[in-house]
1. Name the pairs whose Cβ atoms lie under 7 Å apart, with the first residue in the range 76-102 and touching a residue at least 24 places away in the same chain (Cβ under 8 Å), the second among the aromatic types (Phe, Trp, Tyr), and 6 or more positions between them or separate chains?
2. Could you grab me the full set of residues in the range 238-248 that are part of a strand (DSSP E or B), under 13 Å from Cys158 (Cβ atoms) and in contact with an Asp or Glu (Cβ under 8 Å, 6 or more places away or on another chain)?
3. What do you reckon, is Gly45 at pLDDT 95 or above, outside the structural domain of Ile217 (by TED's automatic domain parsing) and touching a Pro at 6+ places or on another chain (Cβ under 7 Å)?
4. Of all residues in the range 53-74 being more than 12 Å from the ligand (Cβ to nearest atom) and in contact (Cβ under 8 Å) with a residue 60 or more places away in the chain, which is farthest from Leu121 (Cα to Cα)?
5. Kindly list the number of the only condition in (1) surrounded by fewer than 17 Cβ atoms within 10 Å (Cβ to Cβ); (2) modelled with pLDDT of 95 or more that fails for Arg254.
6. Anything in the range 277-290 that is touching a residue at least 60 places away in the same chain (Cβ under 8 Å) and either over 20 Å from Thr59 (Cα atoms) or among the β-branched types (Val, Ile, Thr) (or both)? List them, or say none.
Amino acid sequence: MDAPQPSGAEASAKVIDGKLVAQQIREEIAAEVSRMKDAIGAVPGLAVILVGDRKDSATYVRNKKKACEAAGINSFEVRLQEDSAEAEVLKHIAAFNDDPAVHGILVQLPLPKHMNEENVLNAVSIEKDVDGFHPLNIGRLAMRGRDPLFVPCTPKGCIELLRRSGVQISGKRAVVIGRSNIVGMPAALLLQREDATVTIVHSRTKNPEEIVKQADIVVSAVGQSNMVRGSWLKPGAVVIDVGINAVEDASCSRGYKLVGDVCYEEASKVASAVTPVPGGVGPMTIAMLLSNTLASAKRIHNFQ
Ligand SMILES: Nc1nc2c(c(=O)[nH]1)N[C@@H](CN(C=O)c1ccc(C(=O)N[C@@H](CCC(=O)O)C(=O)O)cc1)CN2
């Protein structure tokens, strides 16, 4: 689907086209994969474990596999039944940890409720943790003077979108809405590493709109459709909308359409730049996964 453009005479925000940026990054990665293969004969490999039969997870895994193929990265997949034992997942992770053809391992989230997510994520070798969810990688992200081996893909994609759109982060006020382990917390830590002054707004924050209004950069990752209104934004703010929310729409062939956390039409009239949904941060997640997998293979093979 094409990125929506702001409509109406008042619309002024630049559209940050994540689909286009992600495609450029994927082409750069494909060129690097080919250079590495020609130079040392090694090909990066990504292993994906999918448990259960959630349609959205199956789509993301299929898209990851396709993206690997297009970039020349090998992919390995394990699919397990919804009622599989946690030990089964751990057994496959252990095998991938030991497999020299595998440079990156990811377990598609969410896991079925009976599984302990922490146990599963802890089992991935930190050297192959291309999702960046291992507590050691997250812990290093939070510490000054320490670097994680990998940064979670969606927050990394947010920073890359800002960089490639020429948005200065250093010295700016950033507000992150949401404090999830996958997006909100790591996004706040990354923005701080880029020398922004960061505030996190969450479900217990009083008057969130007053805090958001002070931000030069707003990253929203709450999963609530159209929660952030144009009136919440400082004129000229840059808005990165991570929310992907399905809302009923009989006019769409799927019966629903995807919208972000931010009211796009309103934000377009106030912000200087805004990411659309779909076509904004989402495609960057998979591009950053390929980037982490390539980086892992380069590190393991000591290839610059
Ligand atoms: N192990 C992980 N699990 C999950 C992650 C993750 O990074 N690692 N993130 C999400 C799901 N996700 C990737 O896994 C993901 C989500 C969305 C998109 C995307 O491109 N979205 C499109 C819209 C797609 C559509 O039409 O349905 C967009 O926003 O334009 C890619 C990847 C949770 N689980």
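The values are calculated or read from the model by the stated rules, or taken from the named source; none is laboratory data. Being a predicted model, the structure only gives us computed values, none of them experimental. Here Cβ is always computed from backbone atoms with ideal geometry, including for glycine, and neighbour counts include all displayed protein chains.
1. Val102/Phe76; Val102/Phe96
2. Val238, Asp241, listed by residue number.
3. no
4. Ala71
5. Going through (1) surrounded by fewer than 17 Cβ atoms within 10 Å (Cβ to Cβ); (2) modelled with pLDDT of 95 or more one by one, Arg254 breaks only (2).
6. If the condition is that a residue be touching a residue at least 60 places away in the same chain (Cβ under 8 Å) and either over 20 Å from Thr59 (Cα atoms) or among the β-branched types (Val, Ile, Thr) (or both), then Val281, Thr285, Ile286 are the ones that fit.
Quick grid of which residues meet (1) assigned to a loop (DSSP other than H, G, I, E, B); (2) at negative phi; (3) under 21 Å from the mean Cα position of the chain (by Cα):
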| residue | (1), (2), (3) |
| --- | --- |
| Ala250 | yes, yes, no |
| Arg254 | yes, yes, no |
| Ser268 | no, yes, no |
| Gly282 | no, yes, yes |
| Thr285 | no, yes, yes |
| Met288 | no, yes, yes |
| Asn292 | no, yes, yes |
| Ala295 | no, yes, yes |
| Lys298 | no, yes, no |
